[in-house]
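Here is the structure we will look at, set down as structure tokens.
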Amino acid sequence: MQRTDSTFKPALMLMSGRAAAFAITFLVPAVLARVFSQAEFGTYKQFVLITYTLFSIGQFGLAECLFYFLPANPARAGQYAFNSLLTLGVMGALFTGGLTVNASRVARWVNNDPLTAFMPLAGLYLVFLLMGTVLEITMITRKNFRLATGTYVLSDVLRAGFLIVSAFVTGSLLWTLAGLVTFCALRVVGVLAYFRKEFGREMRFDGTVLREQLGYAIPFSCAVIVQIIQQNYHQYAVSWHFDAATFAVYSVGCLQIPLVDFMFTPTVNVMMVQMGEDLRDGQQLQVMRVWQDTVRRLALIFFPLVGLLVVNAFPLITLLYTTAYAASVPIFMVWSLSILFSAFPTDGVLRTFAENRWLLITNIVRLVMLLALMNRFIMSFHLLGAVLITLAGMLLAKLMHLARIKTLLRVGLGELLPWRSLGGIVMISMVSAIPSIVLNAKLDLPQLVLLPISGMVYMGIFTLLVLLFGLLTAEERASMKRSLYVWNRRSAESRREAGI
């Protein structure tokens with residue numbers, strides 16, 4: 001298990017970097033909302049919505065494919081990386097032309113004519129944003145985990161700085177977004193500098209290698225496009241059936257928890273790199289161990305997170321959005337169950353095995369299911385119906401993925417997942433919720449006070465039970481001890497400096 005355990009430290013490091021980056025950027029929209037008028041801030045949000053949608057589509061699998069090709073063929077890493085960088089720039093240029101030519105049409109689609117002036121800038125932003133995606137991915141595949149973590153944090157600090165400083169200095173949304181584009185351009189310069197240092201003369205375009213990459217990326221990109229549609233379809237359906245006020249209640253209920261992405265993405269990235277190397281070396285048994293250990297560790301994070309959110313749904317929603325959104329609480333409780341599926345990173349395994357066509361088939365089946373049953377579920381269960389059918393689609397996709405993984409790994413159902421560990425984590429997560437439920441019912445405290453108390457009690461009991469029942473590996477226990485030691489030492493130093 002030595003190589004499997006090696007995935008823990010780099011994944012934890014990348015998680016910490018993502019969490020720190022979020023802490024830095026979380027307040028940026030709140031700051032911009034205070035600098036600009038409501039109409040200008042709305043234009044900014046629409047700018048972000050349009051560019052994010054095109055960014056998700058425009059990656060075309062050319063950045064993510066590096067997780068497959070670089071570990072599998074390190075000798076040609078320079079060609080793979082530079083091909084992706086250059087092709088992503090071409091994709092961005094195509095978007096620039098499309099947005100510039102259709103600027104007024106796009107603005108009319110979102111009912112905001114002033115947005116027309118920002119469309120050429122949106123295209124330029126997409127060019128640099130797409131090219132920049134290869135930076136941290138390449139660092140991770142080269143096992144420069146510390147550098148990737150630092151780059152995540154530094155990039156988000158600079159991005160926030162460029163936005164906020166531009167906004168305060170100019171008071172102009174156009175110049176603020178121009179500052180954002182400037183940052184992304186400088187980031188591409190950093191990508192080129194890193195590539196030159198990492199690959200040297202091997203950093204060059206290769207048409208043969210590009211055809212190989214496109215053979216991998218095209219099915220993957222088709223799967224991603226379908227996935228983007230199906231992920232957002234329930235919100236469009238609710239918008240179609242209900243008024244804006246009702247949609248506001250629903251959207252609050254479908255609150256996204258950023259912690260999920262912080263924990264999920266770095267862990268899966270590290271898993272894919274390790275699996276790719278093991279497949280290259282013909283170590284099929286080690287691939288299985290990496291998969292099972294990744295599932296167990298993600299379950300240790302996401303299963304209790306779901307319990308924590310469900311138990312504290314009312315204080316959390318009403319604290320963030322006031323009691324006017326109390327009707328969002330039951331929607332949020334059911335929607336939180338979607339986090340459970342994040343403990344099973346089946347997409348990452350299938351991408352490692354280049355099973356992108358299966359991903360596409362799965363997403364198409366899921367989308368057809370949603371299109372066929374969404375209206376019926378909404379009519380039968382009101383707002384909860386949209387959530388329920390969306391969760392059913394997620395379950396169907398995971399079952400199809402697991403069936404394919406079972407075949408690829410050539411294992412039986414009993415070996416496919418760490419069933420014993422998963423069962424223990426589920427039971428402990430449920431037992432840990434009981435004291436929090438009692439506290440929420442008995443304590444008459446403000447939500448700002450009750451929420452952290454209930455959360456700390458839940459996590460304290462969960463951690464105690466996990467240690468008591470031996471659900472952590474020796475490395476994980478040692479890591480916890482080191483973290484506690486460092487925390488105690490820093491606390492003691494702080495008290496000495498304060499004269500306490």
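The values are calculated or read from the model by the stated rules, or taken from the named source; none is laboratory data. Since we're looking at a predicted model, the values are computed, not measured. So basically every Cβ, Gly included, is an ideal-geometry build from the backbone, and we count neighbours across all protein chains shown. Side chains included, ligands, DNA and RNA excluded: accessible areas come from the protein's heavy atoms. Shrake-Rupley method; radii C 1.70, N 1.55, O 1.52, S 1.80 Å.
Give the ranking of Tyr325, Tyr250 by solvent-accessible surface, highest area first, calculated with a 1.4 Å probe.
From most accessible down to least: Tyr325, Tyr250.
Count the net charge of all other residues whose Cβ sits under 14 Å from the Cβ of Val411, scoring Lys and Arg as +1 and Asp and Glu as -1.
Working: positive: Arg289, Arg404, Lys406, Arg410; negative: Glu415.
Taking every Cβ under 14 Å from that of Val411, the sum is +3.
Which trypsin sites (Lys or Arg not before Pro) in region 187-234 pass both tests, a DSSP loop state and at most 13 other beta-carbon atoms within 10 Å?
Taking region 187-234 and a limit of 13 other Cβ atoms within 10 Å, the loop trypsin sites (Lys or Arg not before Pro) found are Arg204.
Just to verify a number: what accessible area does Glu475 come out at with the full protein assembly present, 1.4 Å probe, Å² rounded to tens?
Per-residue accessible area (Glu475): approximately 40 Å².
Which listed residue (Val310, Leu367, Ser338) has the Cα farthest towards the positive end of the charge dipole for region 270-398, taking +1 on Lys and Arg C-beta and -1 on Asp and Glu C-beta about the Cα centre?
Checking the options against the dipole of region 270-398, the answer is Leu367.
222 nm [θ] for the chain, helices only, -39500 (n - 2.57) per DSSP H run of 4+, per residue, to 500?
-27500 deg cm²/dmol
Using the Kirkwood radius over Cα pairs, work out the Stokes-Einstein diffusion coefficient for region 382-430 at 10 °C and 1.306 mPa s, in µm²/s as a whole number.
123 µm²/s
Using θ = phi - 60° and the Karplus form 6.51 cos²θ - 1.76 cosθ + 1.60, what ³J(HN,Hα) does each residue of region 345-355 get, whole Hz, x for Gly and Pro?
x, 5, 4, x, 5, 5, 5, 4, 8, 6, 8
Would you kindly calculate the mean projected area, averaged across all directions, of the convex hull enclosing the Cα atoms of region 319-460, in square nanometres?
Approximately 11.3 nm², given one-decimal rounding.
Looking at the calculated P(r) for region 81-173, what percent of the C-alpha pair distances fall above 18 Å?
Taking all Cα-Cα pairs of region 81-173, the fraction more than 18 Å apart is 61 percent.
By accessible area of protein heavy atoms, probe 1.4 Å, what ranking do Thr267, Thr100 get, highest first?
Ranked list, largest accessible area first: Thr100, Thr267.
How would Trp109, Trp175 line up by accessible area, probe 1.4 Å, largest first?
Most to least solvent-accessible, the answer reads Trp109, Trp175.
When a/c reaches 1.5 or more, the comparison of a/b and b/c decides; with that in mind, is region 249-347 rounded, prolate or oblate per its Cα gyration tensor?
Here region 249-347 falls in the prolate category.
If region 329-375 were replaced by its equivalent ellipsoid, with semi-axes equal to the square roots of 5 times the Cα gyration tensor eigenvalues, what would those be, largest first, whole Å?
On the way: eigenvalues 124, 64, 3 Å².
Each semi-axis is √(5λ); the values are 25, 18, 4 Å.
For Tyr125, what charge total do you get from the other residues with a beta carbon under 15 Å from its beta carbon, if Lys and Arg give +1 and Asp and Glu give -1?
+3
Would you please classify the overall shape of the chain from the alpha carbon gyration tensor, given that a ≥ b ≥ c denote the square roots of the eigenvalues, rounded means a/c under 1.5, and beyond that prolate means a/b larger than b/c while oblate covers the rest?
Rounded, because the longest to shortest axis ratio a/c is under 1.5.
Taking the mean number of other Cβ atoms within 10 Å as a proxy for protection, how do you rank 83-90, 283-290 from highest to lowest?
By packing density, highest mean first, the sequence is 83-90, 283-290.
How much of the accessible area of the chain, in percent, comes from carbon and sulfur atoms when a 1.4 Å probe is used?
Carbon and sulfur: 67 percent of the exposed surface of the chain.
Sort 309-318, 366-375, 67-76 by the packing proxy (mean of other Cβ within 10 Å over each peptide's residues), most packed first.
Going by the mean number of other Cβ atoms within 10 Å, highest first, we get 309-318, 67-76, 366-375.
Over the Cα atoms of region 121-243, Rg to Rh with Kirkwood Rh, two decimal places?
Rg divided by Rh gives 1.07.
Show me the helices of the chain, taken as full DSSP H stretches, that run 15 Å or more along their long axis by Cα and average 1.0 or above in Kyte-Doolittle hydropathy.
Membrane-span-like by this rule: 8-25, 77-101, 119-132, 145-170, 173-199, 284-311, 356-381, 383-409, 419-442, 447-468.
With only Lys, Arg, Asp and Glu charged, each at its Cβ (+1 for the first two, -1 for the last two), find how big the charge dipole of the chain is about the Cα centre; round to the nearest 20 debye. Mind showing how you got there, number by number?
Numbers: 39 positive and 24 negative charges, 148 e Å.
With only Lys, Arg, Asp and Glu charged at Cβ, the dipole is about 720 debye.
Note down the Stokes-Einstein diffusion coefficient of region 119-173 in µm²/s, whole number, using a Kirkwood radius over alpha carbon pairs, 37 °C, and 0.692 mPa s.
254 µm²/s
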